[in-house]
Structure formats: structure tokens, C-alpha cells
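**Student:** Dumping the structure here so I can ask a few things about it.
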Amino acid sequence: MLPDNSRLVFSNAEITAALDVLAGKLNRQLVDEKPVVLSVMQGGLVFSGQLIPKLDCMLQIDYIHATRYNNQTSGGELAWKAYPDTSLREQTVLILDDILDEGKTLQSIIHYCEQQGAAKILSAVLCQKKHQRCVDSNLTDNIALTVEDEYVFGFGMDYNGQYRQLDAIYALEECSDNQK
């Protein structure tokens, strides 16, 4: 079922433990808040579905769909596919995304939330890649796991539009630079 050139990076147990730690951190940040939680589609779906039940605050759930990958292995121009139905004006917003790589998508979503009048914006990601290519190192400090600068998939992240349903995170052993 897995590509021949893949290897396990994080097991489901390791991901669950990291999500428990992240939820604890977010619960401290969200005391007395009633955030609008935006899951970034499609990659953030599994992450959001596992993290949201661990949050103690009252919240509203919505989604936003902005992508640079569109089921490809390298990012291109940002495409906005869906905006949230929930008003963000004067709301605390928590953005949940699968991976922080170059940060262009997350940066654009944060900017969108600001334009919509959000009072406070927090973000959290399942994974952050180890490299220096991120457009802004201050996009989030709510990171569940850190991965090497390699192509990863599973737990919501895809490889050529597939493998999002895997309950663990895998990496491709060999991939060209445009697959990172």
C-alpha cells in the first residue's frame, strides 16, 4: 500500500502524544476564549479532527481551503477554493494546518483573517520542516512535530493526492528537490 521508497517518520502513538502536548499548550492560550477554529483543507482535516476534541474551550468549527499544492508534490501559486462561512470579525481565530514548510499559505490565511477583522489570531500546525526557507519564522510557535526537510505524507498530508488517510507520518527516502 505504501510507496516502495517510503519510511515511517512518526507512529500514531508518537503523533497522539505530540497532539496531547500541543492541546495542553493551546488550552492555556485559549483560557476564557471562544475561538473560531479554521481547519485548512484538505491537509488539516485529520489533524483538526484529532486535536479539536482535546481542546477545553467552547468553540465554533469552520474551514478554509487555500492551497499551493493542489495534490501535487511541489507548491505553486496560491489558490483560494473556499472561505469560512463564520464571521471572523472581533473573534479569536485558531488556524489548524498540516505542515509549515515555506509558510506562504499560512501567512496568506493569517492576512485574510486580519482583513476580516479578527480580534486575535492563533495558529497551530501538525508538522514544521527544518529549514531556513520559511517566509516568516513567527507564523506560529504551536507545532506538534518537527520533520526533516523531506517530503512527508500521511495523517492528512498527501503524496500525489493519496495516502491522507494513513494514521502515521511517512517520508519518501529519495525525492527530487521539487518534491520537498
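**Student:** Can you list which of the GluC sites (Glu not before Pro) found in the range 41-136 are DSSP loop residues with at most 12 other C-beta atoms within 10 Å?
**Tutor:** When the GluC sites (Glu not before Pro) of the range 41-136 are filtered for loop state and at most 12 Cβ neighbours within 10 Å, Glu77, Glu90 remain.
**Student:** On to the next question. When only C-alpha pairs under 8 Å and at least 6 residues apart count, what is the relative contact order of the chain, in percent?
**Tutor:** 26 percent
**Student:** Just to be sure I understand: of the beta bridges DSSP finds with both ends in the range 10-147, what percent are antiparallel, rounded to 5?
**Tutor:** 10 percent
**Student:** Compute the length gained on full extension between Asp4 and Glu102: take 0.36 nm times their separation in residues and subtract their Cα-Cα distance, giving the result in nm to one decimal.
**Tutor:** 32.6 nm
**Student:** On to the next question. Using the Karplus curve 6.51 cos²θ - 1.76 cosθ + 1.60 with θ = phi - 60°, what ³J(HN,Hα) values do you get for each residue of the range 55-60, in whole Hz, with x for Gly and Pro?
**Tutor:** 8, 8, 7, 6, 7, 10
**Student:** Less than 10 Å Cβ to Cβ from Val9, Lys/Arg counted +1 and Asp/Glu -1: what total charge do the surrounding residues give?
**Tutor:** Neighbourhood net charge equals -2.
**Student:** Return the distance in nm (one decimal) between the two label points of a simple spin-label model at Gln132 and Met58, each offset 7 Å from Cα along Cα→Cβ.
**Tutor:** 4.8 nm
**Student:** Could you give the nm distance between label points at Ala13 and Glu77, where each point is 7 Å from its Cα heading toward the beta carbon?
**Tutor:** 4.8 nm
**Student:** With springs only between Cα atoms under 10 Å, which of Ile143, Ile121, Ile109 fluctuates most in a Gaussian network model of the chain?
**Tutor:** Per the Cα network of the chain with a 10 Å cutoff, Ile121 tops the list.
**Student:** Once phi is turned into ³J(HN,Hα) by the Karplus curve 6.51 cos²θ - 1.76 cosθ + 1.60 with θ = phi - 60°, what whole-Hz value does each residue of the range 83-91 show in order, with x for glycine and proline?
**Tutor:** 10, x, 7, 6, 5, 9, 4, 6, 9
**Student:** Give the order of Lys104, Lys25 when sorted by the count of other beta carbons within 10 angstrom, beginning with the fewest.
**Tutor:** So the ranking, lowest neighbour count to highest, is Lys25, Lys104.
**Student:** Taking Cα atoms of the range 77-180, Rg/Rh with Kirkwood Rh, to two decimals?
**Tutor:** When Rh is taken as the Kirkwood radius, the ratio is 0.99.
**Student:** Considering only the other residues whose Cβ falls under 15 Å of the Cβ of Ile121, what net charge follows from Lys and Arg at +1 and Asp and Glu at -1?
**Tutor:** -4
**Student:** With runs of 4+ DSSP H residues as the only contributors, calculate the mean residue ellipticity of the chain at 222 nm using -39,500 (n - 2.57) per run, divided by the residue total and rounded to the nearest 500.
**Tutor:** Taken over the chain, the calculation gives -6500 deg cm²/dmol.
Values quoted throughout were computed directly from the atomic coordinates according to the rules given, and no laboratory measurement underlies them. Computed from a prediction, not measured in an experiment: that's the story for all the values here. All Cβ positions, glycine included, derive from the backbone under ideal geometry; neighbour counts span all protein chains shown.
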